[in-house]
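The values are calculated or read from the model by the stated rules, or taken from the named source; none is laboratory data. This structure is a prediction, so every number in the text was calculated from the model and none was measured. Quick reminder, even Gly has a Cβ in these numbers, built from the backbone with ideal geometry, and neighbours come from all protein chains shown.
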Amino acid sequence: MASLHAVVVVVAASLLLMAAFDGALVHADFYNDVDFVWGYQNAGIWNDGNSLSLMLDNVSGCGMVTKNQYLFGSIEVQIKLVKGNSAGTVTAYYLSSTGDKHDEIDFEFLGNETGQPYIIHTNIFTQGVGNREEQFYPWFDPSDDFHNYTIHWNPSQVVWFVDGIPIRVFRNYESSGVPFPNRQAMRAYSSIWEADEWATRGGLVKIDWNSAPFVAYYQYLQLRACPWYGPSSSGECSAASPANWWTSPEYSTLTYQEQGQMKWARDNFMIYDYCKDTERFDGAMPPECSLPKY
């Protein structure tokens, strides 16, 4: 594990990057910008729409979705995960289109027994095909306080950020035969549900309903993304223009500093990489695994 000093240095640098990431923050609120799609009785909104909770009990979990669809930009929110014994629970935060050939970009937080670390599970689907999982231990207790989780998505790359630190990149390698999610608008979703058949140690640890209710807290939703109003929006959201800050060259790849941060996170906290699982793919690895990360 990295030393405490290294963690402090990296986090301090990441906060500076977050401040500079984009000056045109688009503030959203949970009252006006999301709908509850199931288990609405287990959700709550307060603090003038800036704070939200999603709860799982032995009757139901719950889920929300943004009212608008988006094509490119950054979606971010601060989350404080379920405290204590969260084994068997999953709190998900992801972007997704609809249909059998859907695109999807995932953060999933797999609960664990008290005292054991959460697992940050990431995945990406293109044209309905996933199987691109990467997993990490967080370098903090994500149930002690709020932490920022950002999905940045533009025509060149998808980046998963945790507190401004990139932990994963999926580059646009369509020219090499790798599908990329750049044609379907997506909504942002979040939910909490029971998944004890697989979530904790492959389903060996079941949910303890004596610890219910399980509550995840959210604040400061930011939707810095291009709204989708139909097929005509595709060109508008992809066009290189000052308004489309995500298309500027500086966001087409990670900076050297971000590359160093991602190496730090992956060297110290990564626990699964599909590109290293040769047994799973019987040696026929996905083509992006042999291409540069940056």
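Specify which of the listed residues (Ala6, Ala43, Ala28, Ala19) is at pLDDT below 95 and more than 20 Å from the chain's Cα centre (by Cα). Can you show your working first?
Working: Ala43 fails: at pLDDT below 95; Ala28 fails: more than 20 Å from the chain's Cα centre (by Cα); Ala19 fails: more than 20 Å from the chain's Cα centre (by Cα).
Result of the check over Ala6, Ala43, Ala28, Ala19: Ala6.
With the structure loaded, tell me whether Gly202 is of a type outside the set (A, V, I, L, M, F, W, C) and under 21 Å from Gln116 (Cα atoms) or whether it fails that test.
The answer is yes for Gly202.
Every residue in region 197-214 that is in contact with a strand residue (DSSP E or B) (Cβ under 8 Å, 6 or more places away or on another chain), surrounded by 16 or more Cβ atoms within 10 Å (Cβ to Cβ) and either in a loop (DSSP other than H, G, I, E, B) or basic (Lys, Arg) (or both), please.
Within region 197-214, Ala199, Thr200, Ile207, Ala212 meet the criteria.
List, please: which pairs have Cβ atoms under 7 Å, are six or more places apart or on different chains, and start with a residue in region 177-189 that is closer than 16 Å to His152 by Cβ and end with one that is part of a loop (DSSP other than H, G, I, E, B) and among the charged types (D, E, K, R)?
Going by the 7 Å Cβ cut-off, the qualifying pairs are Pro181/Asp103; Met186/Asp103.
I'd like to check something: does region 116-126 contain any residue that is surrounded by fewer than 19 Cβ atoms within 10 Å (Cβ to Cβ) and closer than 15 Å to Leu254 by Cβ?
Within region 116-126 (the criterion being surrounded by fewer than 19 Cβ atoms within 10 Å (Cβ to Cβ) and closer than 15 Å to Leu254 by Cβ), the answer is no, since none of the residues qualifies.
Considering region 271-294 alone, what residues qualify as being on the phi > 0 side of the Ramachandran plot and either among the charged types (D, E, K, R) or at pLDDT 95 or above (or both)?
Within region 271-294, just Asp282 meets the criteria.
Give the residues of region 119-154 that are outside any strand (DSSP E or B), farther than 30 Å from Thr247 by Cβ and among the polar types (S, T, N, Q), sorted by residue number.
The one that is outside any strand (DSSP E or B), farther than 30 Å from Thr247 by Cβ and among the polar types (S, T, N, Q): Ser143.
Could you grab me the full set of residues in region 45-69 that are in a loop (DSSP other than H, G, I, E, B) and over 30 Å from Gly235 (Cβ atoms)?
Matches in region 45-69: Asn47, Asp48, Gly49, Asn50, Asp57, Asn58, Val59, Ser60, Gly61.
Kindly check whether there is at least one residue in region 70-89 that is touching a strand residue (DSSP E or B) at 6+ places or on another chain (Cβ under 6 Å), surrounded by fewer than 22 Cβ atoms within 10 Å (Cβ to Cβ) and not in a strand (DSSP E or B).
No, there is no match, as no residue in region 70-89 is touching a strand residue (DSSP E or B) at 6+ places or on another chain (Cβ under 6 Å), surrounded by fewer than 22 Cβ atoms within 10 Å (Cβ to Cβ) and not in a strand (DSSP E or B).
Could you please give the count of residues in region 269-294 that are assigned to a loop (DSSP other than H, G, I, E, B), more than 20 Å from the chain's Cα centre (by Cα) and touching a residue at least 40 places away in the same chain (Cβ under 8 Å)? Before the answer, list the steps.
Step one: list which residues in region 269-294 are assigned to a loop (DSSP other than H, G, I, E, B), which gives 277-286, 291-294.
Checking which are more than 20 Å from the chain's Cα centre (by Cα) leaves us with 277-286, 291-292.
Still in the running and touching a residue at least 40 places away in the same chain (Cβ under 8 Å): 286, 291-292.
Count: 3.
Among the residues that make up region 215-237, is at least one of them of a type in the set (Lys, Arg) and either within 23 Å of Asp141 (Cα to Cα) or exposed (fewer than 14 other Cβ atoms within 10 Å of the Cβ) (or both)?
There is no residue in region 215-237 that is of a type in the set (Lys, Arg) and either within 23 Å of Asp141 (Cα to Cα) or exposed (fewer than 14 other Cβ atoms within 10 Å of the Cβ) (or both).
Quick check on region 191-200. Is at least one of its residues over 22 Å from His147 (Cα atoms) and of a type in the set (A, V, I, L, M)?
The answer is yes; a qualifying residue exists.
Cβ contacts < 6 Å: first residue touching a residue at least 60 places away in the same chain (Cβ under 8 Å) and farther than 28 Å from Trp46 by Cα, restricted to region 194-220; second residue part of a loop (DSSP other than H, G, I, E, B) and polar (S, T, N, Q), any location; separation 6+ or different chain. Result?
Short answer, once both residue conditions are applied: Thr200/Asn112; Asp208/Asn85.
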